[in-house]
């Protein structure tokens, strides 16, 4: 199905794409994930410890003002692989949709204590309480 538009362009019937800048700001790509073993160890050793059940965090402020990087660590005591991945995905999604509320230039290591999976809205509340006021 093609529809001619004014100016001679042909539209293929697809929905218009949202602004790429908005989409890029809300993604959690490689630059926003803490991946290096050295950086994770530095956050664990030097970072400030915060706790809000069922999550705790080590937060390290970097000298640059680049994007905040995050990693979620969850142990086998939290359940089988399906349960751990469900919790990890919900925490990352809760952070992704509210990442604009947190300052730039941080490395955040989130550690998960054993608990039943919460809803994403509950994880957003816990993250806001855990990381608020930075």
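Antiparallel beta bridges, as assigned by DSSP with both residues in region 30-131, represent about 65 percent of the total such bridges.
Classify region 26-66: rounded, prolate or oblate, from the alpha-carbon gyration tensor (a ≥ b ≥ c, eigenvalue square roots; a/c under 1.5 rounded; otherwise prolate if a/b is larger than b/c)? It comes out oblate by the Cα gyration axes.
Rounded, prolate or oblate: which fits region 30-131 when a ≥ b ≥ c are the square roots of the eigenvalues of the alpha-carbon gyration tensor, with rounded for a/c under 1.5 and prolate only if a/b beats b/c?
Numbers: a/c = 1.74, a/b = 1.42, b/c = 1.23.
Cα axes put region 30-131 in the prolate bin.
No lab work stands behind these numbers, since they all come straight from the coordinates. No experiment lies behind these values; they were computed from the predicted model shown.
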